[in-house]
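Encoded as structure tokens, the structure appears first; notes follow it.
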Amino acid sequence: MAPVPPRRTSDSEGAGGSPDIESIGSGTRRSSISSFSKSHRRQREFLDRLVDCETLTSHLADWFESVSGSKSPAFDVPFELIDLQKFDYALEGVSFQQLIRMPSAVYASSTSDAVEATAFLAVEDFLHAGVKGLWEAFWSQDEEDAPLPFSVACLYSENLKFYQAEKAIANGKLPGLCATGILVNNPRHPHGKWDQILELALLRPDIGNDPQPSHAVLGEALFYALRLLLSRKLGKFQSAESVDTVFVLLVDSQNGGVVKVEGDVNRLEFDVNNVYESCADWIKTHSRISVSPIDRIWNKLGNANWGDIGALQVLFATFHSIMQFAGMPKHSIEDLAADHGSRLHARRIERQLGDRDTARVNGNGAFRYQQRSVEPEIVEVLDESINNIEPEDLAMKLENGSVLWLEDPDQQKGYQIDGVLFNGELQYYLASPVDDPSRSYFLYVGSHPAQLEPAWEDMKLWYQVQRQTKILTIMRQKGVSSKYLPDLAASGRIAHPGQCRKPSSGGNCDHPWCSTPILVTSPVGESVADMIMSGRFGPEEAIRCCHDCLSALSTAASVGIRHGDIRPENVIRSGSTRQHPYFVLIGWGHAILEERDRPAMNLHFSSTYALQEGKLCSASDAESLVYMLYFSSGGPLPDLDSVEGALQWRETAWSRRLIQQKLGDVSTVLKAFADYVDSLCGTPYPIDYDIWIRRLRRNFRDDDHGKEIESSSS
């Protein structure tokens, strides 16, 4: 063995340096690299041996039987209905490319090559139109003639390579086509690379015969999902998001569904001698599988129903797949969905249908359009059960003096409307109990549950009534109580006048008020928005408001609840001049309880992290409070029309210290608080509510130092 040459030492090392340390370190690095190389080769061999979906499905047969044998659904759904609804509103202004080639549902049961070829061509067109429309609507930089960074091709089972459907069919490869994929364009690999597949669609006959896919189809979807996850791990997949999630689409000539698979493949035992057993064990113990219901995508003529839930969930899966490659979109779903109300209003004007002319009734689907000057463009035959209801009675009209009664088997509980209020988005009411008119409450009325296609406004009503009821109920159950938080006085459903003919099987009767939810809270007061308009929100009010809102946030945070929608309309001042007035943080409908919850999006008041990630960090509510105080204290309100513009304004305002300077004109403690929040924005560090509550309290006027008793979570 040749002697190791002496290491060249620096002057600072002197004679005492050890000449063998570098060679030892090099040996360790070589050993580490060698170990990694062996592991990588073993994992690559494992993937090369994973080629038979039927064998994997057979290893999962008993597991499929066990999970489908329980009473509860075997798998969760990949998307919440309310998220699909927002996505639907966002897509209203999106134009998808006209499909030229379409599947023939009339001959769907046929097994002829011509029908199968047409179906593969149609699926390829559908996926291309979908990914192109989504990319241009959400990510495109408005560059003319900018190429689409994705392509769509069919997977050939013999060599697991991708080919354009037309070329594959022309070359006799039709019998071997097994899937269609959306791929990242790569000129060096014209037949695609598995680590650059965004999404796969499996074309299988008659998947729409059952509401859930069969075990054989589901096993095949899991097989391809696992191959995608392993390929991304072993390849060079450039992902802006997590690569631990893949979507596999299931389609036939009419219907479609989504299978979502999540899991860390690092926890897979790469046993090359038991490939399918290892994969089955990983699927059972380390993966999370979500399966959507199978719904119609194409109608009987072969046209895509882009607005139906079947197409929506497929497009939503594609949207998330693009995000893994391209990151957060330039235009968020909330940005595009926010225009729904104006589009709806424009359509009503075009058809000369005002809000007062539109009447909806119960869940049997009958509705009537009224026009005074022209004939209605839609005439429907009304069900006999509602023939005697006058059109003007169909809409819920609440005004001063109206009385609402709650469904309560134990006692009659009624509330009289004393005033109609508006929070900038929705109406709510000032009300008093019929049996105690001296007391006042806020009363919120939700949407009728029988609305077939709730508008964007009805979603806001759902957050204002049903979701806020849930949040306040949880606060009560956890013993949370503070005078700075709203108190749940009553909730339930409206008991309408007359006899209720609700069917015994459930549902609602014909009366338009039947089962409409309401929420009653206390205390009442004047919103900060109204105080600003009347010029009565000064420095003392700003300090008190900051203190009281932080107290409310601290109490809620003690049980893991964050607000998510702080703005002037959601803060009220309660109490009289004799009893020191205080501020109450209301509007908890968008509160965050768990990771999947999303805050409200407001270009002026949402935190930077909320706009970027669609989630809250620990200081997000405090950041929103700072923006509210800044604008409420005379800070100029910028004209914002996009998330990008809102983020740019925040960066400029904080970097130039415009917010601190303005709040410094109001109070030094508010300026210090803004500096503190600026240091925490976007970090995981929790905000120290207690220290700032104490500092703010020391800045109250002398005559406000009366003893206060606050109760918080028990």
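The values are calculated or read from the model by the stated rules, or taken from the named source; none is laboratory data. These figures come from a predicted structure and were not determined experimentally. Cβ coordinates were reconstructed from backbone atoms using ideal geometry, including for glycine residues, and neighbour counts include every protein chain displayed. Protein only, heavy atoms only, side chains kept; ligands, DNA and RNA dropped before computing areas. Shrake-Rupley method; radii C 1.70, N 1.55, O 1.52, S 1.80 Å.
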Discussion item. Using the basic label-point model (7 angstrom from Cα toward the beta carbon), what is the residue 191 to residue 615 distance in nanometres?
Written reply: 4.0
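Over the range 532-599, give the accessible area per residue in Å² for a 1.4 Å probe, as an integer.
Working: 2620 Å² over 68 residues.
Per-residue accessible area for the range 532-599 comes out at 39 Å².
Beta carbons within 10 angstrom, averaged per residue: use that to sort the peptides 76-83, 127-134, highest first. Can you show the working numbers first?
Working: 76-83: 15.0, 127-134: 21.0.
The peptides rank, most packed first, as 127-134, 76-83.
Kindly state, to the nearest 0.05, the FRET efficiency for residue 487 paired with residue 97, given R0 = 60 Å and r defined as their beta-carbon distance. Don't skip to the answer; put the middle values down first.
Details: r = 54 Å, r/R0 = 0.89.
Computed FRET efficiency for residue 487 and residue 97: 0.65.
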Practice prompt. Can you tell me the FRET efficiency between residue 209 and residue 262 if r is taken as the Cβ-Cβ distance and R0 is 30 Å, rounded to the nearest 0.05?
Written response: 0.65
Discussion item. For a 25 Å ceiling on Cα separation, which of these pairs sit above it: 233/284; 86/483; 193/330; 132/233?
Written reply: 86/483; 193/330; 132/233
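Listed highest first by mean packing, meaning other Cβ atoms within 10 Å per residue, what order do 638-644, 178-184 come in?
Details: 638-644: 14.1, 178-184: 22.6.
So the order, starting with the most tightly packed, is 178-184, 638-644.
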Worksheet entry | Model label zone, residue 48; criterion: amide N under 17 Å from point 7 Å along Cα-to-beta-carbon; scope the range 180-221 | 194-195
Fill in: Cα centroid of the range 551-593 to Cα centroid of the range 669-695, whole Å
17
